[in-house]
Amino acid sequence: MKDFDAIALEEIKKYTQGADPEAYVYCVKYANFFLFIMFGLLAQKPHVLATRGEQFLFLRSNFGGNKFKGEYSVLQKSDIQNVGYKKFFLANYITITKNDGTKVRFVVSTLYKRFKNQADSLEKIKAKLGITG
């Protein structure tokens with residue numbers, strides 16, 4: 001199976017001034033549960049989440065993580081008010097509540113094998129977010 005680490009790293013470096021990220025994972029940002037019930041996968045948006053220092057960078061990708069759409073958002077650790085975490089089988093559900101009350105929800109699975117260090121990177125990101133266990 002071909003991995004997409006080199007492709008993702010190249011894209012991430014465009015937004016980190018050429019620096020390597022500390023960790024990166026393929027994830028799916030999801031809409032509220034009602035929209036998910038109505039529209040299924042169309043309500044979900046695939047992303048690559050990378051972390052460097054006190055920043056979390058979300059890069060919009062295709063399903064698979066090997067192509068990027070040029071859309072991104074940056075979340076500063078200082079903008080995070082609360083982090084919720086649930087694990088359901090191999091899916092890790094993370095909800096970040098920002099200081100302004102808005103929420104960022106995403107799902108990461110260690111089943112995704114196109115990134116060599118998906119599981120290790122997820123643990124690093126959880127640690128940065130203050131998630132234990």
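The values are calculated or read from the model by the stated rules, or taken from the named source; none is laboratory data. All of these numbers come straight from a predicted model, not from anything done at the bench. Every residue, glycine among them, receives a Cβ derived from its backbone with ideal geometry; neighbour counts consider all protein chains shown. Note: accessible area is taken over every heavy atom of the protein model, side chains too, but ligands, DNA and RNA are not part of it. Shrake-Rupley method; radii C 1.70, N 1.55, O 1.52, S 1.80 Å.
Tabulated values for the structure
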read-out: Pairs with Cβ under 8 Å, 6+ apart, first in the range 112-133 and of a type in the set (F, W, Y) and in a loop (DSSP other than H, G, I, E, B), second surrounded by fewer than 16 Cβ atoms within 10 Å (Cβ to Cβ) and at pLDDT below 95; value: F115/D3; F115/D5
read-out: Residues that are of a type outside the set (G, A, S), within 24 Å of G101 (Cβ to Cβ) and in contact (Cβ under 8 Å) with a residue 24 or more places away in the chain, drawn from the range 59-82; value: Y72, V74, L75, K77, I80
read-out: Number of the condition not met by F88 [criteria: (1) of a type outside the set (D, E, K, R); (2) open to solvent by 90 Å² or more (accessible area, probe 1.4 Å); (3) at pLDDT 90 or above]; value: (3)
read-out: Which listed residue, of A31, A23, is modelled with pLDDT of 95 or more and small (G, A, S); value: A23
read-out: Failed condition for I12, given (1) part of a helix (DSSP H, G or I); (2) modelled with pLDDT under 95; (3) closer than 23 Å to Q118 by Cα; value: (2)
read-out: V74 at pLDDT 90 or above, within 12 Å of the chain's Cα centre (by Cα) and more than 12 Å from C27 (Cβ to Cβ); value: yes
